[in-house]
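Down below is the structure, laid out as structure tokens.
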Amino acid sequence: MTRGSGTEKAETTTTTEDPQMPDPAGADTPDTARDREADAAQNQEADAIRGRETNAARDQEMGTARSRETGAARDRETDAAQAPEGARELLPVATPARTRAVVRRLLRPHRGLLLGGFVVMVGATTVGLLTQPLLGYMVDLVTEHRPVDALTLPAVFLVLVAVAQGITTALGLSLISQLGETVLAHLRERFVERALGLPLEQLEKAGSGDLTARITGDVSLVAGAVRSALPELVRSVLAIVLTLGALAVLDWRFMLAALLAVPIQAHTARWYVRRAASIYAEQRIATGAQQQQLLDTIGGASTVRAFRLEEGHTELVTRRSWSAVELTMRGVRLMLRFYSRLHLGEYIGLAAVLVVGFLLVRSGSTSIGTATAAALYFHSLFTPINSALVLIDDAQSAGASLARLVGVADQPVAEETAATVAAEQPRGSVVPPAGAVTVAGLGHAYEPGRPVLHDIDLTLRPGERVALVGASGAGKTTLAKLIAGIHRPTTGSVRLSVADPHGSGRTVALVTQEVHVFAGPLADDLRLARPDATDDDLCEALTQVDALTWAEALPDGLGTVVGEGGHRLTPTQAQQLALARLILADPPIAVLDEATAEAGSTGARLLEKATDRAIEGRTALIVAHRLTQAATADRIVVMDDGRIVESGGHGELCAAGGPYAALWEAWSDTRSTAPH
Amino acid sequence: MGVAASSGRDVLRRAVRGQRRDVALGSLLGAGHQAGEALVPVLIGVVIDQAVAKGEVSALLLWLAVLAAVYVGLSFSFRFGARAGERAAEQAAHVLRVELVRRVLHPGGGAENGRLPGALTTIATEDAKRVGAVNLAVMFGISAIVGLLVGAVVLLWISLTLGLIVLLGTPVLLWLGHLLSKPLERRSEAEQERAAHASGVAADLVAGLRVLKGIGAEEAAVDRYRRTSRGSLVATLRAARAEALQNGMVLALTGCFIAVVALVGGRLAVQGDISLGQLVSAVGLALFLLGPLEVFAWVNADLAQGRASAARIAGVLATPPAVTIGGGRLPQPVRGEVRLRGVSHDGLHEIDLDVAPGELLGVAATDPADAAALLRCLSRQADPESGVVELDGVSLRELDPADLRLAVLVAEHDADLFEGTLWGNVGAAAPESADPEPAMVAAGADEIVRAMPRGGDTAVSGRGHSLSGGQRQRVALARALAADRAVLVVHDPTTAVDGVTEARIAPGIREIRRGRTTILVTTSPALLAVADRVVLLDGGRITDTAPHADLVRRHAAYRTAVLA
């Protein structure tokens, strides 16, 4: 690659903004936390699918609620302690109007399907409604003591009606599912696209649990609703409306009688929905807290045993589990009271229809068969009414999930993030050479009034290796993130200059100690960095980071499924993959934040060598954990309390007797006799 | 608590037996409900026959009152029956959940070996719930049988012919429906797998979002997800069409069945064998009976799921403890003399080691696996394959691991913090009324407290993930120091801590542990330098023992392991 000597040059300037991120760590952020959260969510996900449908839906909700609402649960548990992330800014949730608008827009290309499905379902329901009058007609034939054979014709019609109803229903349902599923697929794809495009800054504020919960919990909740609730609801509503119509056709007074049940049912539904929302919300919180506690206790079992905390933890689990049980039972009791009231409605409607039938038959204005048909109509309404009312519940939670999906999917396409290259062509004559990094007057505060960086000026020459050292909390990671464009600086600017602003790939890559191995074949994982890479490219990159030997020794070589649910890689191997991805992505500028920290010392040395090769030919900023790594850099920049306090070569700084010399002494003292 | 072997069947039986009162109550009331539901169509027929056809007001009022009574009964029994059933299900699940947690936390350990925490948590939530739900299934199953019996008796009483047609026809109908749904079930399983896969891919991409952003691979990731999503859509549509077809066929079959019942019933009524009302009742009952039979189908499915879940739960409960629970006692007070004789375990060969009471010993292992094996033996997560580990002259095998851990604390490298506050975590295992401050200072955790807006009362989220790696490690170290055990074994406590802080922590540990036995298993020279002597563990054997500086001078293997 010849990025350093291109003809076109461009640069990017990061503008200033004022993020309010409550960062408990001050400077370092807890990165690996998210992996485990995601693990749990996925686990739950996979498992819920095993369950019965209703279970699955409930569990998904639980998954959704867990990460978002444990905060609230914790506040109740330990009211003294307010979580620092209590002030999280969750990702946007769409308003009902916006959600409807987006759904309408998604439906627009499928108008034909929508209309067709609706018409066919109306037809199917109407045909089905011929059953009761036919049965009533047979009753009349019996009453009139007609010959036995007269019954054959209506019976044949009954069969025809059944067959026609079956065919049209099958067609209608399949049209409706096709519509729902296609729209859902588009929505989830757009969601993922926008989610991956969100600025990391915003994600860090929300906590990635929010996003994970949406992509797993909310998507499957909506999918479940589309799959089962939507067709069922369409059928039920059509059945109710058309049956009432059919009752009116028999005699308008039958319909009036049936409508007597409506006020009770409507009132019951309102009563239920009002109470259910808060109970279920509490229940989700409690189930989430229980889940979190179990993960905490079981995941930390060996720690619990080592410190003899078994009793306390058993107690905690028992308490949280029991409170979830109690809340579930509250929900059950409410649900059952709801059914009791529906029973009352059923009785009143049925009795009214029977009384009307009685009066009409007595006055001679209708036949016994018609009265029978009316009673049978009403009896057949029980099921659709109950399911429609119960589905209100599902529809509500699906609606909430949908609003959360739309909230993200509706985001404008992410603006160019700080470090991507704007297509602006600098006309000035003094353009920094390609691969240079210029930091000027940079300051940053996660919370207003608590600055962690002050007035940083720093220039990296193309191809230069600069090591950033200093104690924890000195601001190294923050500076690295600002240069990598993860955060926008509060004051000052970061300029990156590249050869070809329109070239593929990005200008700067960031590799941190957070290792994530993407689930799937190893080769696919690497190709995320360069989709068109050949197998040779992959092997070449793996060779560079000393990973080819073990990679080829995997059961299926580069085709081995790794990551979640596949072959587990060691932290060192995972970090080697991250470096191989860096080589494949091939950015002119690389920022490495303690990329060797998690590997233990043996692995660290291996990774240091791999790192050296991975940043060959790039401008590199290395946040160094081990001073030996710093010592070999072209230049060392020492930070303390958010400022650069020293900068220079290893020998130069050692001789200067400043902070670096002190650090080095503390470090090398413990390694005093190391043969350097 | 019992670690007695239990089979899945035992787990199921205990889950039901433990809730027998609620299950019995639920079944009784559920049966009442089903009987009531069966009577509704019968009564519609009676009203048509006795009141509407004959035009008698008194009959109308009488039978409407009877209908009201039936409604009150069925509504009441459903409400309280279902409540009892749900309660049984929830309580059984709760009992199992707590039992599972007790097993996992049992001092003998072993239950979590080979199982991921997520998988165990799923067993404690989902599987426990499914086993609990068996109570509900039993209750509904019994009720459905009663409903079926009531319907059958009424039908046979109306007419033997009609009764037999309905009673034999309904199972055939359901069997046909089941037959139709077989291929669908298979398809839908495949579809769910695809859907789960799509959702898994999405969650995985989101989990690795920082990594994706770091190398600018968002677009490639979106493309990958879109392909997965499309594949899933195709599978879903195929399954949805099959399901729609099945729905349509079941509707058509049911309609044909009703036509047959109406035709036969109508002929019987015309011939005067049954009354008009009985005809209406028979048609209504034919429709009603589909309900209880469908209940059987899902009760069966639930029982099958419950059995599978119970087997998984039993698998955890029946895991033998990793170490035996000895009945021996440690002489009090514990002096803290640790002795290993001929210990071979997982790569360790014939280790002989004496640690004097009050000594600060460093252990540097060239292979991290050897260090891990040594820690497992010292914490009695495992007993050595051969040889013996002794504390104050008592073999660890003879002790209850719970008692041992009051004397010996092995603080692992990846020890977890728990939800609570900073103070709460540090003081978790500290003696009552102990001041956590010295331990905090020694572990370099005091500055974390100072940096936090709420100081020591700052909340720590589950597993300590609200803290950075270095902060977590220091708080965990402070907790280990605050526990103040007679013997403390610390494993790599400063890997995520910067050199300057580490240099401050090393003498801190030495100071606070003065006079009590401490073993530092680490390759950090800063820590090893403060040890009285250091043992070099190379190739599974102790190859040398000397103070740090001497080892550095005379041992190449030591230099490679410890110094970079």
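The values are calculated or read from the model by the stated rules, or taken from the named source; none is laboratory data. Model, not experiment: these values are computed from the prediction. Please note: Cβ atoms are built from the backbone with ideal geometry, for glycine as well, and neighbour counts cover all protein chains shown. Ligands, DNA and RNA are stripped out before the accessible areas are found, and what is left, the full protein with its side chains, is counted by its heavy atoms. Shrake-Rupley method; radii C 1.70, N 1.55, O 1.52, S 1.80 Å.
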Given (1) modelled with pLDDT of 85 or more; (2) in a loop (DSSP other than H, G, I, E, B); (3) more than 30 Å from B:Ala269 (Cβ to Cβ), index of the condition A:Arg146 fails: (3)
Pairs where the first residue, in the range B:399-412, is under 15 Å from B:Gln332 (Cα atoms) and the second is modelled with pLDDT of 90 or more and part of a helix (DSSP H, G or I), C-beta under 9 Å, 6+ apart: B:Leu399/B:Ala407; B:Leu404/B:Leu396; B:Arg405/A:Arg305; B:Arg405/A:Ala306; B:Val408/B:Leu378; B:Val408/B:Leu396
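Being crowded, with 21+ Cβ neighbours inside 10 Å and of a type outside the set (Ser, Thr, Tyr) is the filter; apply it to the range A:239-249 and report the residue that is nearest to the chain's Cα centre (by Cα). Walk me through it before giving the result.
So the first thing to find is which residues in the range A:239-249 are crowded, with 21+ Cβ neighbours inside 10 Å, and the list is A:239, A:243, A:246-247.
Narrowing the set further to residues that are of a type outside the set (Ser, Thr, Tyr) leaves A:239, A:246-247.
Working: A:Ala239: 36, A:Ala246: 46, A:Leu247: 47 Å.
Checked the range A:239-249; the qualifying residue nearest to the chain's Cα centre (by Cα) is A:Ala239.
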Residues within the range B:380-434 that are more than 10 Å from chain A (Cβ to nearest Cβ), β-branched (Val, Ile, Thr) and within 22 Å of B:Ala369 (Cβ to Cβ), tallied: 2
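Quick one: would you say A:Thr628 is within 13 Å of another protein chain (Cβ to nearest Cβ), out of contact with any strand residue (DSSP E or B) (no Cβ under 7 Å at 6 or more places or on another chain), open to solvent by 60 Å² or more (accessible area, probe 1.4 Å) and of a type outside the set (Gly, Ala, Ser)?
Numbers: within 13 Å of another protein chain (Cβ to nearest Cβ): yes; out of contact with any strand residue (DSSP E or B) (no Cβ under 7 Å at 6 or more places or on another chain): yes; open to solvent by 60 Å² or more (accessible area, probe 1.4 Å): no; of a type outside the set (Gly, Ala, Ser): yes.
It is false that A:Thr628 is within 13 Å of another protein chain (Cβ to nearest Cβ), out of contact with any strand residue (DSSP E or B) (no Cβ under 7 Å at 6 or more places or on another chain), open to solvent by 60 Å² or more (accessible area, probe 1.4 Å) and of a type outside the set (Gly, Ala, Ser).
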The listed residue being in contact with a helix residue (DSSP H, G or I) (Cβ under 9 Å, 6 or more places away or on another chain) and buried (at least 19 other Cβ atoms within 10 Å of the Cβ), out of B:Val388, B:Val363: B:Val363
Any hit, the range B:30-42, residues being free of Cβ contacts under 8 Å to residues at least 60 places away in the same chain, assigned to a helix (DSSP H, G or I) and facing chain A (nearest Cβ under 10 Å): yes
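Being more than 8 Å from every other protein chain (Cβ to nearest Cβ) and open to solvent by 50 Å² or more (accessible area, probe 1.4 Å) is true for just one of A:Gly123, A:Gly112. Which residue is that? Spell out the reasoning first.
Values: A:Gly123 fails: open to solvent by 50 Å² or more (accessible area, probe 1.4 Å).
Answer to the check: A:Gly112.
Yes/no per residue for (1) at the interface with chain A (Cβ under 9 Å from one of its Cβ atoms); (2) among the charged types (D, E, K, R):
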| residue | (1), (2) |
| --- | --- |
| B:Leu233 | yes, no |
| B:Arg241 | yes, yes |
| B:Pro292 | no, no |
| B:Ala297 | no, no |
| B:Asp302 | yes, yes |
| B:Gly306 | no, no |
Criterion violated by B:Ala195 - all others in (1) within 13 Å of chain A (Cβ to nearest Cβ); (2) modelled with pLDDT of 75 or more; (3) out of contact with any Asp or Glu (no Cβ under 8 Å at 6 or more places or on another chain) satisfied: (2)
Pairs with Cβ under 8 Å, 6+ apart, first in the range A:516-529 and within 8 Å of chain B (Cβ to nearest Cβ) and within 14 Å of B:Glu219 (Cα to Cα), second acidic (Asp, Glu) and open to solvent by 10 Å² or more (accessible area, probe 1.4 Å): none
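Kindly state which helices (runs of 4 or more DSSP H) lie completely within the range A:228-334 and contain at least 3 residues that are within 8 Å of another protein chain (Cβ to nearest Cβ). Let's see the steps before the verdict.
Numbers: elements: A:230-250, A:252-259, A:261-299, A:301-306.
Fully inside the range A:228-334 and qualifying: A:261-299, A:301-306.
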Residue that is nearest to the other protein chains (Cβ to nearest Cβ) [pool: residues in the range B:164-192 that are modelled with pLDDT under 75 and open to solvent by 80 Å² or more (accessible area, probe 1.4 Å)]: B:Glu189
Complete set of residues in the range A:459-484 that are in contact with a helix residue (DSSP H, G or I) (Cβ under 9 Å, 6 or more places away or on another chain), crowded, with 24+ Cβ neighbours inside 10 Å, assigned to a loop (DSSP other than H, G, I, E, B) and more than 9 Å from chain B (Cβ to nearest Cβ): none
All positions within the range B:542-564 that are surrounded by fewer than 16 Cβ atoms within 10 Å (Cβ to Cβ) and within 44 Å of the chain's Cα centre (by Cα): B:Thr560
Failed item in (1) open to solvent by 20 Å² or more (accessible area, probe 1.4 Å); (2) over 27 Å from B:Arg472 (Cα atoms), with B:Ile351 passing the rest: (1)
Of the criteria (1) open to solvent by 20 Å² or more (accessible area, probe 1.4 Å); (2) of a type in the set (A, V, I, L, M); (3) modelled with pLDDT under 95, which one B:Ala69 fails: (3)
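Here's a check for you: in the range A:128-143, which residue that is open to solvent by 40 Å² or more (accessible area, probe 1.4 Å) and more than 9 Å from every other protein chain (Cβ to nearest Cβ) is modelled with the lowest pLDDT?
Applying the first criterion (open to solvent by 40 Å² or more (accessible area, probe 1.4 Å)) to the range A:128-143 yields A:130, A:133, A:137, A:143.
When the remaining residues are screened for being more than 9 Å from every other protein chain (Cβ to nearest Cβ), the result is A:130, A:133, A:137.
Values: A:Leu130: 90, A:Pro133: 87, A:Tyr137: 90.
Of everything passing the filter in the range A:128-143, A:Pro133 is modelled with the lowest pLDDT.
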